[in-house]
């Protein structure tokens with residue numbers, strides 16, 4: 001149980017275009033989802049926290065208009081990188097947890113999406 | 001900022017126990033300690049977690065000090081496939097920040 005599917009696993013896009021990354025909880029309802037970004041040889045950097053049905057809370061320095069997060073259902077959250085530029089190239093990872101799971105199973109992570117902007 | 005500190009790197013001989021320390025001196029009474037690991041270009045993998053008591057599962061053991069200000073993850077018989085970055089995270093309901101982790105290298 002507690003499987004999180006992230007799609008796509010990798011994507012190459014042209015500078016100025018937008019890219020959508022999906023994060024799905026397959027066998028539980030995810031009340032909270034986190035989005036991270038990871039640059040080579042660095043740790044995961046928290047970008048935002050999203051709760052189902054409400055606006056995401058962004059970390060300081062993360063542009064909410066550039067990284068659009070939608071968590072409209074209990075099984076799906078999306079991250080859209082708008083007007084992508086080469087500096088947005090990174091590894092993006094989502095994690096999810098359901099109500100009551102926090103103290104039992106913790107957060108389950110997706111397999112990540114490698115974004116390359118050319 | 002992350003609530004934990006870990007050594008940046010450690011080496012371990014294959015077949016020996018790997019003991020990875022973590023300091024979390026500002027942990028609150030209801031916060032859990034979680035350990036994850038990340039193998040290159042993959043999402044973090046859950047290993048174990050605990051609140052007060054020591055815990056053991058098929059992957060590892062977690063030893064938490066009585067004052068809860070530090071913990072140690074023990075991989076009893078490290079294999080080459082255990083080479084990864086190990087993250088110790090103090091869990092709260094709304095905060096899941098990662099520290100820098102410990103890069104464990106298991107050597108033959």
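Throughout, read-outs are computed from the coordinates displayed, never taken from laboratory work. Keep in mind it's a predicted model, so treat the numbers as computed, not measured.
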Above 22 angstrom, tally the Cα pairs of the stretch A:33-118 and express them as a % of all pairs, no decimals.
24 percent
note: chain B, Cα-Cα separations exceeding 19 Å make up a percent value of 38 percent
Just how far, in whole angstrom, is the stretch A:1-56 from the stretch B:1-43 if you go by their alpha carbon centroids?
23 Å
Projected area of the protein assembly as shown, taken from the Cα convex hull and averaged over every viewing direction, in nm²?
12.1 nm²
